[in-house]
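Taking it in order: structure first as structure tokens, then the write-up.
The values are calculated or read from the model by the stated rules, or taken from the named source; none is laboratory data. Being a predicted model, the structure only gives us computed values, none of them experimental. Cβ sites come from the backbone with ideal geometry, for glycine too, and all protein chains shown count toward neighbours. Please note that ligands, DNA and RNA were not included when accessible areas were found on the heavy atoms of the full protein model with its side chains. Shrake-Rupley method; radii C 1.70, N 1.55, O 1.52, S 1.80 Å.
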Amino acid sequence: MYRILGLLSVLIIGASIAQAQQTHIVDLAGTGDFTSIHDAVTAAASGDTIRVQPDQYAFTADLGPISVDKKLYIIGSGYMPVEDGGTELIDIPGTGFFDLNGSADGTVIKGFRIQGATDFLDTESGTANVTIEENLFIQGFDVLALAGSADTVRSNIFYNTGYYTVNTSGANTQITNNIFSENYPAAHNTGTVYISNGSGVIAAYNMFIGGNYGVYSNSPRIRVQAGSPEIFSNGFINGTDANIIFNNG
């Protein structure tokens, strides 16, 4: 009898969890649940998945950036051009795309083509375990500003982006298997990857190709401001000036 009751309890709890974690479809054509990523994020519960169908989604001045205060899986259809089935995000006013706070722990954003990627993502210091993967970022600067801990940036392409392309001030960030192509850290004392807190940080297996480095002083491909991150197995092709600068001595 107790075994049956226990089994029923497990089934009920499992059903409740399955019901809570839903998938929401965003489609500009109107065939999904929402036509706006903003509306889908507002309606979603923690743990839900938001799948964004192929099209170009504009972040306009009236919409502004999206504030994420829960764990979400926000997934596009890939970073190909829209005509080839990709999901493109474009920031019309240049005010940013996503702001994550401490309740957004574990959020994943993947599979997007981002035009004008300035200020794509900001995380607060209390945020943890955010994953940014398999996106294409085109132009812009200060693309990822990661103030949380144990975040992951992997398998992205950053093309023609500027200083602070990846800017991490939190501990235990992992920056791996990304391609940085034709970047330009055009500001003094910055860098394409800027590590202001190296505690537990890993930057490995990234490829840096071309780019206009050395125009400004102390603006390398990887700049370490403090701490002792693990930096290894990165490739540097056709760049000028220093590849890595340690300001912490």
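Here are the numbers for this structure:
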{"item": "When residues of the range 60-96 are limited to those that are charged (D, E, K, R) and assigned to a loop (DSSP other than H, G, I, E, B), the one surrounded by the fewest Cβ atoms within 10 Å (Cβ to Cβ)", "result": "Asp62"}
{"item": "Hey, Asp151 open to solvent by 20 Å² or more (accessible area, probe 1.4 Å), within 11 Å of the chain's Cα centre (by Cα) and either of a type in the set (Gly, Ala, Ser) or under 22 Å from Pro229 (Cβ atoms) (or both) or not", "result": "no"}
{"item": "Matching entry among Thr176, Thr190, Thr107 (being within 12 Å of the chain's Cα centre (by Cα) and among the hydroxyl-bearing types (Ser, Thr, Tyr))", "result": "Thr107"}
{"item": "Residues of the range 48-59 satisfying the condition of being under 15 Å from Phe97 (Cα atoms) and buried (at least 19 other Cβ atoms within 10 Å of the Cβ)", "result": "Val52, Tyr57, Phe59"}
{"item": "Looking only at the range 166-189, and only at residues there that are assigned to a loop (DSSP other than H, G, I, E, B), closer than 12 Å to Ala203 by Cβ and touching a Phe, Trp or Tyr at 6+ places or on another chain (Cβ under 7 Å), the one that is most open to solvent (accessible area, probe 1.4 Å)", "result": "Asn177"}
{"item": "Within the range 148-165, tally of residues that are within 19 Å of Thr107 (Cα to Cα) and in a strand (DSSP E or B)", "result": "4"}
{"item": "Selection count where residues are outside any strand (DSSP E or B) and either surrounded by fewer than 24 Cβ atoms within 10 Å (Cβ to Cβ) or not β-branched (Val, Ile, Thr) (or both), scope the range 111-132", "result": "11"}
{"item": "Cβ-Cβ under 7 Å pairs, at least 6 apart or on other chains, the range 146-158 side within 17 Å of Phe98 (Cβ to Cβ), far side of a type in the set (Asp, Glu) and assigned to a loop (DSSP other than H, G, I, E, B)", "result": "Ala147/Glu124; Gly148/Glu124; Asn156/Glu134"}
{"item": "The range 30-47: number of residues that are more than 21 Å from Asp122 (Cα to Cα) and open to solvent by 80 Å² or more (accessible area, probe 1.4 Å)", "result": "2"}
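Residues checked against (1) out of contact with any Asp or Glu (no Cβ under 7 Å at 6 or more places or on another chain); (2) modelled with pLDDT of 95 or more:
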| residue | (1), (2) |
| --- | --- |
| His24 | no, yes |
| Asp33 | yes, yes |
| Arg51 | yes, yes |
| Lys70 | yes, yes |
| Gly102 | no, no |
| Ile109 | yes, yes |
